[in-house]
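The values are calculated or read from the model by the stated rules, or taken from the named source; none is laboratory data. Given the structure is predicted, the values throughout are model-derived calculations rather than measurements. Note that each Cβ is placed from the backbone with ideal geometry, even for glycine, and that neighbours are counted across all protein chains shown.
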Amino acid sequence: MEYVVLARSCRPQKFGEVVGQDHVVTTLRNAIRMNRAAHAYLFSGPRGTGKTTVARIMAKALNCSERDTEEPCDQCGSCREIRDGVSIDVREIDGASNRGIDEIRELKENIRFAPVSSRYKIYIIDEVHMLTKEAFNALLKTLEEPPPHVIFMFATTEIHRVPPTILSRCQHFDFKRISIRQITENLAAIAEKLNISISPRGLALIAQAGAGSLRDAQSLFDQVISYAGETIEDGDIEAVLGITDRGYVSDLLQAVLDGRAGACLEIVNDMYYAGEDIRRFYQTFTRVLMGLLTACVSKNDELLEEFTEDERRELRRRAETVPVEAVERLLGMLLAGDEDMRKASDSRLQFEYLLVKMATLEPIIPVDEMINRLEALETRLRSGGSRGRTPSAGPATPGKIPGPEEPPPPVEEPVEQEDVTGEDQLWKLFRKRLKQENPILFSKMSEGILLAAGEGIIKIGFPRGFVFLDNLREPAALELMSRVASECAGSEVRVRIEEMNGRNKGNGVNGNADGKRPLEEIKSEALRHPMVQKVLDTFEGAEVRDVRIKEERSRS
Amino acid sequence: MNSAMPFSGVYGHERQINFLKNALLRDRVAQAYLFDGMAGVGKKTTALAFARALNCLGTEEETGEFCASCRKIETGNHPDILFVAPDGKFIKIGQIRELARQMCFRPLEGRRRVVIIEEAHAMNDEAANALLKTLEEPAPGNVLILLTSRSEALPRTIASRCQRLRFAPLPASAVEAFLKERRGIGEEESSMLAAASAGCIGRVIDRDPEASRRFEEDILGVLEISGDAGDENPLAPFLVVARFGDDRAAIVEKLELVKEWYRDVLVLHETGREELIIHRDLLNFTRRAADRSTAGRLTRNIECIEAARRAVDRNANSRLVLESMMFKLRQPSTDRRQQAARGS
C-alpha cells in the first residue's frame with residue numbers, strides 16, 4: 001500500500017470533522033435536515049480551508065442511502081464510492097483542465113439522464129474560476145434551472161474570477177482562514193492518532209507556518225514526521241521549516257535602526273549561507289516592520305495576533321524607543337522595493353543594496369521635536385534675541401529643497417502667524433499691501449531687496465543703474481510707500497531707496513547677514529520653482545550650479 | 001534497500017538528502033515535492049538521485065555498480081522518468097494535460113513514475129491551475145517533483161500541495177570539492193571559483209574564468225582608475241562599451257558581473273571583511289575602490305546598473321544604454337542635486 005500524505009488521509013469524512021468552518025457547515029446541515037438543498041453551491045476561500053472536502057461531504061450526505069441524521073453514514077455503498085472517487089452519480093471535474101465550452105456542452109448532454117443508483121446526480125467542479133468565458137456562459141441556463149435530480153457544486157480560490165451571472169445563480173459560501181488555535185488542535189489530534197510525540201510549542205510553530213491553511217500545516221507536519229520519525233524535537237521542526245529566520249529578523253532590524261550598514265551585510269551573508277530564502281525573508285522582514293509600526297501607533301494586542309508572545313513583547317519594547325516616522329520611512333522603502341525585489345536577478349544583492357540604503361539614511365527628527373525647536377527659536381526671537389541671525393538659522397529660510405526622505409517642513413505655518421515683529425514679516429506685509437494699493441508702483445519696486453528695517457526707517461536696495469530708480473525716488477512714490485509701511489508697522493516709518501554696489505550688496509546698516517538674506521531667499525525660491533524641479537527630475541544627474549539674479553546680468 | 005548509493009553524486013545538501021532518505025526508509029514518500037533553491041545549486045541532480053533511489057533494484061551491493069534501473073535513469077533512458085520544461089517562455093496547459101494523461105497509466109517498468117517539472121514557476125496561469133488536481137491526488141505510483149528557483153512566483157495553491165524542500169547555497173567547501181574531484185581543477189583555482197560561485201555550482205562550471213577576468217579588469221580599470229586622473233582619454237568609457245559584446249544575454253551576464261563587483265566594494269567598504277567578497281580575483285581593484293567611495297555612491301551605482309540591465313532586457317538600444325550607464329558610473333560625487341540645493 002502506497003503512502004498517502006496526511007492532508008489526504010486525514011481529510012474529514014463527516015461534517016463534524018470539518019475544522020473551523022462552522023458558518024458553512026451549520027447552514028449545509030440544516031439545509032439537508034429540512035430538505036432544502038439548493039441546486040447549485042459555490043464554495044470559495046483560501047487554499048487548504050476545506051472547500052473540496054465540504055463539497056464531497058455534502059455530496060455524500062445528499063446521496064447517502066442509510067442516513068438518519070444529516071451526517072452521511074460513511075458506510076453505505078454510495079458513501080464509499082464517493083470517498084474513493086468512483087461514484088457514477090457524483091462526478092468531480094477539474095475545471096482548470098476541462099475549461100472549454102466543449103466540455104460544458106458534453107456535461108449538459110449527460111445532465112438530462114437520471115442518476116443511476118442514487119438520489120441526485122452531483123457535479124463538483126473544482127477550480128471553477130478557470131472556466132473560459134464561453135464555458136461559463138454556456139452553463140448559465142442549465143445552472144438556473146437544472147433538472148430536479150441535478151446538483152452543482154463549485155469550488156474556487158479566486159472568487160473574483162467567477163462572473164457575477166454565475167454567482168447570482170448559486171448559494172455562495174465563503175470559507176475563512178483557520179485560526180492558529182484550531183490548526184494546533186487538529187494537528188494535536190493527528191499526532192495522538194499516529195502516536196507521535198511532539199511538544200505543544202512545536203505544534204504551534206507548525207500551525208503558524210501554515211498561515212491559516214490546514215493543508216499547508218498538515219503538509220509541513222507530514223514533512224516533519226518524515227524527517228524526524230515518531231519522536232519530534234523542536235529542533236527538527238525548525239530545521240524543516242527554516243524558522244531560524246526569526247533571530248535574523250530581530251538582529252537585522254536592530255542593525256538597520258542603528259544605522260550599522262556593515263552589520264546588516266554580515267547578517268545577510270550568514271543568512272544566505274544558512275539557506276534562507278531571501279525573497280521570503282524579505283516578506284517576513286516587511287511584516288515585522290509593519291508589526292513594529294502597528295505597535296508604535298496602537299496598544300491593541302489583537303492587531304499583532306500573527307506574532308508570538310515573545311515577538312509581541314519585543315515589538316512593544318522596540319516601539320518605545322523608535323520614532324514612528326523612522327519606522328514609517330523604512331517600511332515605505334521596503335514596500336517600494338518589493339517590486340524591484342521580485343524582478344531582481346540576484347535577490348541577495350538587491351536586498352543588500354536596499355539595506356545599506358536604509359541604514360545610511362539621515363537620522364530622522366520627529367515632527368514634535370522639530371516643532372519644539374521652532375517654538376524655542378520663536379520665543380527667543382520674540383524676546384528680542386540676536387538680530388544678526390544667519391540665514392540658515394532662520395526658520396523661514398528653506399535653504400534647501402526638501403529631500404524626499406525628509407519630513408514635510410511644517411515650518412512655514414507658525415512663522416506666517418507671527419505678528420509683525422520680524423523685519424522679514426514686515427517686508428512681506430509691506431509688499432502685499434503695496435501691491436493692493438498701487439500695483440504699478442509695486443511692480444517697479446518689486447525687484448528691490450530689503451537692506452535694513454527698524455528705527456523708523458526701511459531701506460530698500462536696488463542694483464546700481466536700476467531702470468526705475470528715478471521713478472521710485474519721486475516724492476509722491478516715496479510718500480505712498482512710507483504711508484503703506486507705517487500702516488504695516490503700526491508706527492511712523494520712512495522708506496528710503498538706496499543704490500547697491502553689485503559686489504557687496506549687503507553693505508546696509510546691519511552688515512552682511514541681513515543683506516544676504518533676501519538673495520538667499522531668491523535663490524532658494526528659484527530652486528524650488530516647479531519648472532526647475534521638473535527639469536532636475538527629468539534629466540537625471542542635472543544640477544543647479546548657480547542662481548543669478550537678473551539685474552546683475554543686465555548691469556554687466 | 002540501501003538508499004545511500006543513488007545519492008552519492010550529489011554535493012552538499014546533506015539535510016535535504018537525509019530527509020528524502022528518511023522518507024524512503026519510513027515509507028512516507030509524498031506524492032508531490034517542491035525543490036526550491038537558486039539555479040545551478042543541485043536541485044535537478046538531487047531529483048534524479050531521488051528518482052534513482054525510488055526505482056533502484058538494490059543490486060549494487062552484489063555487483064558493485066549501478067543497477068540496470070539506475071543506469072537507465074543516469075543515461076536518460078528510463079521510460080518512467082518524465083521531464084516537463086518550459087516550451088519557450090512558459091510551461092503551457094497542453095503540456096500539463098499530456099502529463100495528466102500519461103500519469104493515468106501504471107509505471108511501465110519501475111516502481112514509481114517520477115515526473116520532474118523544471119522551472120515550475122514558468123507554468124502559466126492555465127497550466128498551474130490544470131495541475132492542481134493532479135498534484136493533490138495523482139494516480140497511485142506517481143511522484144511529482146517540482147523544481148523552481150523563484151518559489152514566490154509559484155501560485156500558493158501549488159506550493160500548498162507539495163512537500164517543500166529548500167536548497168541552500170552550497171558552502172564553499174562543497175563547491176571546491178566538486179571542482180577538484182569532478183572537473184580536475186587545481187587547488188588555487190578551485191578555491192577562487194568556489195568563492196565566485198556564491199554557493200552555486202552551476203554558476204562557475206560553464207564559465208571561462210580567464211575571459212571573464214580580462215573583461216572585468218578592462219571595465220573596472222576604466223571605471224575606477226578614472227576618478228582622479230584628469231589626463232586619461234575622456235572617451236575611454238565609450239570605447240570600453242564594445243567589450244560588453246553584442247549579444248543581449250551576454251551583456252546582461254556581464255552587467256551582473258559589474259554589479260556584483262560594486263556589491264563587493266560596498267561590502268568591503270562597510271564591513272572591511274574580505275572573506276565576504278564574491279570576486280576574490282579582483283581584490284586589488286575592490287580594495288582601492290572601497291577606500292575611495294561612499295555608501296551613497298555605491299548604492300547609486302548598483303541602482304544604475306540594475307536599471308541598465310532591465311533596459312537591455314526590455315530590448316532598449318543596448319549600446320546607448322551601456323554608454324549612458326558607464327558615463328553615470330564614473331561620476332564621482334554622490335548626489336549633486338542635493339549639493340546644489342544646499343550650497344550655492
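Taking the numbered list (1) closer than 17 Å to B:P138 by Cβ; (2) free of Cβ contacts under 8 Å to residues at least 12 places away in the same chain in turn, B:T75 passes all entries but (1). Only residues that are of a type outside the set (A, V, I, L, M, F, W, C) and out of contact with any helix residue (DSSP H, G or I) (no Cβ under 6 Å at 6 or more places or on another chain) were counted in region A:267-283, giving 6. Taken together, the residues in region B:301-312 that are closer than 17 Å to B:A250 by Cα and more than 9 Å from chain A (Cβ to nearest Cβ) amount to 5. In region A:237-245, is there at least one residue being surrounded by fewer than 17 Cβ atoms within 10 Å (Cβ to Cβ), more than 10 Å from chain B (Cβ to nearest Cβ) and either among the aliphatic types (A, V, I, L, M) or within 25 Å of the chain's Cα centre (by Cα) (or both)? Checking region A:237-245: at least one residue is surrounded by fewer than 17 Cβ atoms within 10 Å (Cβ to Cβ), more than 10 Å from chain B (Cβ to nearest Cβ) and either among the aliphatic types (A, V, I, L, M) or within 25 Å of the chain's Cα centre (by Cα) (or both).
Is one or more of the residues making up region A:28-43 assigned by TED's automatic domain parsing to the domain that holds A:I124, within 30 Å of B:K92 (Cβ to Cβ) and within 44 Å of the chain's Cα centre (by Cα)? Yes, there is a match, as at least one residue in region A:28-43 is assigned by TED's automatic domain parsing to the domain that holds A:I124, within 30 Å of B:K92 (Cβ to Cβ) and within 44 Å of the chain's Cα centre (by Cα).
Residue check: A:A114 meets all listed conditions (1) in a loop (DSSP other than H, G, I, E, B); (2) in contact with a Ser or Thr (Cβ under 6 Å, 6 or more places away or on another chain); (3) modelled with pLDDT of 90 or more but one, namely (2). Per the conditions (1) within 11 Å of chain A (Cβ to nearest Cβ); (2) surrounded by fewer than 23 Cβ atoms within 10 Å (Cβ to Cβ), the sole criterion not satisfied by B:R182 is (1).
Within region B:11-50, the set of residues being more than 9 Å from chain A (Cβ to nearest Cβ) and farther than 27 Å from A:E230 by Cβ comprises B:Y11, B:G12, B:A39, B:G40, B:V41, B:G42, B:K43, B:K44, B:T45, B:A47, B:L48. Just give me the residues in region B:84-98 being within 14 Å of B:A122 (Cα to Cα) and in contact (Cβ under 8 Å) with a residue 24 or more places away in the chain, in sequence order. Hits for region B:84-98 are B:V84, B:A85, B:P86, B:K89, B:F90, B:I91, B:K92, B:I93, B:Q95, B:I96.
Given the criteria modelled with pLDDT under 50, in a helix (DSSP H, G or I) and either over 22 Å from A:R528 (Cα atoms) or not assigned by TED's automatic domain parsing to the domain that holds A:R528 (or both), does A:E405 qualify? Spelling it out, it is not the case that A:E405 is modelled with pLDDT under 50, in a helix (DSSP H, G or I) and either over 22 Å from A:R528 (Cα atoms) or not assigned by TED's automatic domain parsing to the domain that holds A:R528 (or both).
Which members of region B:289-300 meet the condition of being part of a helix (DSSP H, G or I) and either under 16 Å from B:E260 (Cα atoms) or within 11 Å of another protein chain (Cβ to nearest Cβ) (or both)? Once the filter is applied, which keeps residues that are part of a helix (DSSP H, G or I) and either under 16 Å from B:E260 (Cα atoms) or within 11 Å of another protein chain (Cβ to nearest Cβ) (or both), region B:289-300 yields B:A289, B:A290, B:A295, B:G296, B:R297, B:L298, B:T299, B:R300. Annotation: of all residues in region B:175-216 being in a helix (DSSP H, G or I) and closer than 17 Å to B:K43 by Cα, the one that is modelled with the lowest pLDDT is B:I205.
Table: residues versus (1) over 30 Å from B:L257 (Cα atoms); (2) crowded, with 19+ Cβ neighbours inside 10 Å; (3) modelled with pLDDT under 70.
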residue: A:L330; (1), (2), (3): no, yes, no
residue: A:L361; (1), (2), (3): no, no, no
residue: A:I365; (1), (2), (3): yes, no, no
residue: A:S392; (1), (2), (3): yes, no, yes
residue: A:W427; (1), (2), (3): yes, yes, no
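In this structure, is A:H149 under 32 Å from the mean Cα position of the chain (by Cα) and either away from every other protein chain (no Cβ under 14 Å) or farther than 28 Å from A:C64 by Cα (or both)? No. For the condition under 27 Å from B:G12 (Cα atoms), part of a helix (DSSP H, G or I) and touching a residue at least 12 places away in the same chain (Cβ under 8 Å), what is the one hit in A:V240, A:V288, A:V256? Exactly one residue qualifies, and that residue is A:V240. Take the conditions surrounded by 14 or more Cβ atoms within 10 Å (Cβ to Cβ), of a type outside the set (F, W, Y), at pLDDT 80 or above and part of a strand (DSSP E or B) and apply them to A:V495. Does it pass? Considered against the rule, which asks whether it is surrounded by 14 or more Cβ atoms within 10 Å (Cβ to Cβ), of a type outside the set (F, W, Y), at pLDDT 80 or above and part of a strand (DSSP E or B), A:V495 comes out as yes.
Of the residues making up region B:279-304, those that are under 22 Å from B:G199 (Cβ atoms) and surrounded by fewer than 21 Cβ atoms within 10 Å (Cβ to Cβ) are B:R280, B:D281, B:L283. A:H172 passes every criterion in (1) buried (at least 21 other Cβ atoms within 10 Å of the Cβ); (2) in a strand (DSSP E or B) apart from (1).
Scanning region A:246-286 for residues that are among the small types (G, A, S) and more than 9 Å from every other protein chain (Cβ to nearest Cβ), we see that the one that is surrounded by the fewest Cβ atoms within 10 Å (Cβ to Cβ) is A:G247.
The rows are residues; the columns are (1) out of contact with any helix residue (DSSP H, G or I) (no Cβ under 8 Å at 6 or more places or on another chain); (2) modelled with pLDDT under 90; (3) under 24 Å from A:G212 (Cβ atoms); (4) loosely packed, with under 14 Cβ neighbours inside 10 Å.
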site	(1), (2), (3), (4)
B:E60	no, yes, no, no
B:E74	no, yes, no, no
B:I81	no, no, no, no
B:K89	no, yes, no, yes
B:R113	no, no, no, no
B:I116	no, no, no, no
B:L147	no, no, no, no
B:R150	no, yes, yes, no
B:I158	no, no, yes, no
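Residues checked against (1) farther than 16 Å from A:R433 by Cβ; (2) hydroxyl-bearing (S, T, Y); (3) modelled with pLDDT of 75 or more; (4) assigned to a helix (DSSP H, G or I):
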residue	(1), (2), (3), (4)
A:K444	no, no, yes, yes
A:A476	yes, no, yes, yes
A:L480	no, no, yes, yes
A:A485	no, no, yes, yes
A:C488	no, no, yes, yes
A:G502	yes, no, no, no
A:N507	yes, no, no, no
A:N510	yes, no, no, no
A:S524	yes, yes, yes, yes
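Just to be sure, is A:R215 buried (at least 21 other Cβ atoms within 10 Å of the Cβ) and not assigned by TED's automatic domain parsing to the domain that holds A:I111? Judged against the criteria, A:R215 is a match. Just one of the numbered conditions (1) modelled with pLDDT under 85; (2) in a loop (DSSP other than H, G, I, E, B); (3) out of contact with any helix residue (DSSP H, G or I) (no Cβ under 6 Å at 6 or more places or on another chain) is not true of A:G212: (1). Applying a threshold of 8 Å to beta carbon distances and a minimum spacing of six or more residues, or different chains, the list of pairs starting in region A:343-359 at a residue that is within 7 Å of chain B (Cβ to nearest Cβ) and buried (at least 21 other Cβ atoms within 10 Å of the Cβ) and ending at one that is in a helix (DSSP H, G or I) and of a type in the set (K, R) reads A:L349/B:K259; A:L349/B:R263; A:E352/B:R263; A:Y353/B:R263.
Could you run through region B:100-142 and say how many residues are aliphatic (A, V, I, L, M), touching a strand residue (DSSP E or B) at 6+ places or on another chain (Cβ under 6 Å) and more than 10 Å from chain A (Cβ to nearest Cβ)? Matching residues across region B:100-142 total 9. For region A:188-212, which positions are surrounded by 22 or more Cβ atoms within 10 Å (Cβ to Cβ) and facing chain B (nearest Cβ under 10 Å)? Residue satisfying the conditions is A:G210 alone.
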